[in-house]
Amino acid sequence: MAKLFRAAIMGPPGSGKGTISKRIAQSFGLQYLSSGHFLREGIAAKTEAGLLVKTYVERSMLVPDHVMTRLMLPRLEQLSGHSWLLDGFPRTLGQALALNNLYQLDLVISLNIPYETLKERLSDRWIHPASGRVYNMGFNPPQVQGKDDITGEPLIQHDDDKPEALMARLRHYKDVAKPVIDLYKSQGILHSFSGTETDRIWPYINSLLSTKMHTQPSDTCQAQTP
Ligand SMILES: Nc1nc2c(ncn2[C@@H]2O[C@H](COP(=O)(O)OP(=O)(O)O)[C@@H](O)[C@H]2O)c(=O)[nH]1
Ligand SMILES: Nc1ncnc2c1ncn2[C@@H]1O[C@H](COP(=O)(O)OP(=O)(O)O)[C@@H](O)[C@H]1O
């Protein structure tokens, strides 16, 4: 059996984590887990956890580590036979250490995108709240203005994507992400990508993953099996 592959993608809000994750999941068959999506799902369903995290998410504040690990780690346990890609988790050193206690990541992708680009993208980002499908009025517009392509339901804008919330989010992201990035750098699994366009970054990520996923040790063994 091919070795399981475990990866995470990091980057500030609007850096393209969701867009790139979707391409990775489609091209490489990894299960995709987005912390933001799970949080919003809980809030919409008014679950106990959803009510607990609502004020944090609405104010773009980080949900406490113990709540995030309780939300994310059991989902990973359910995926024990699968390769996966995490988006939005771990976001703090506490979360990264909790994850490290259970799983060794094979690869972490870090996206470095200039502030002006993030600002432009997020002011144009619209989502379908029920599914988490993301649109951008310039980059990937919906077929019908303001409506989800699959369900036809209305699209909304996150309050935390509006310019007044954005600067604080980005500053906070940098402070909190630095020790996490340093940890993965020290483990030799961090790969950083810079640029202003997802379509130009994607071929590099695609080729990195093709190489990494096809040079896993037990893949080699499998190839030698008659
Ligand atoms: N103009 C433009 N928009 C992009 C590009 N890549 C992603 N987007 C859009 O920018 C917004 C943020 O991307 P998303 O993947 O949600 O970022 P995340 O917050 O890091 O998950 C979305 O509306 C995307 O459709 C790009 O290269 N150019
Ligand atoms: N790992 C996490 N730790 C703490 N809070 C989180 C985490 N992931 C998501 N959140 C909360 O959910 C919100 C939305 O997250 P997400 O959808 O990943 O969007 P973005 O990448 O645009 O910040 C964040 O502003 C934060 O309040």
Fill in the blank from the handout: Nearest 10, in degrees from 0 to 90: the angle of helix 48-58 to the longest Cα principal axis of the chain is 70 degrees
Practice task
Pull up the cross-link candidates among the aspartates and glutamates for K17, meaning alpha carbon to alpha carbon under 13 Å and not fewer than 8 places away within one chain.
Solution key: D87, E197, D199
Handout entry: Most mobile of Q157, Q143, Q95 in a GNM of the chain (Cα contacts under 10 Å)
Key = Q143
Handout entry: Acute angle (nearest 10 degrees) that the helix 163-186 long axis makes with the longest principal axis of the chain, alpha-carbon atoms
Key = 10 degrees
Practice task
May I ask which residue of V63, L166, G18 lies farthest towards the positive end of the charge dipole of the chain, with charges of +1 (Lys, Arg) and -1 (Asp, Glu) on Cβ and the Cα centre as origin?
Solution key: V63
Handout entry: Sequence-distant aspartates and glutamates (8 or more away, or on other chains) whose Cα lies within less than 20 Å of K3
Key = E77, D106, D219
Exercise for the section: Determine, from the Cβ-Cβ distance of K185 and K46 and an R0 of 41 Å, the FRET efficiency 1/(1 + (r/R0)^6), rounded to the nearest 0.05. Expected result: 0.55
Exercise for the section: Starting from the Cα-Cα distance between Y115 and R200, subtract it from 0.36 nm times their residue separation and give me the gain in nm to one decimal. Expected result: 28.8 nm
Fill in the blank from the handout: Percent relative contact order for the chain, counting Cα pairs under 8 Å at least six residues apart, stands at 29 percent
Exercise for the section: Please identify, among S27, S110, S192, the residue showing maximal mean-square fluctuation in a Gaussian network model of the chain using a 10 angstrom Cα cutoff. Expected result: S27
Problem - the chain: equivalent-ellipsoid semi-axes (sqrt of 5 x gyration tensor eigenvalues, Cα, Å) - result: 28, 21, 19
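No value in this document is a laboratory result; all are computed from the given coordinates. Because the structure is a prediction, the values reported are computed rather than measured. Here Cβ is always computed from backbone atoms with ideal geometry, including for glycine, and neighbour counts include all displayed protein chains.
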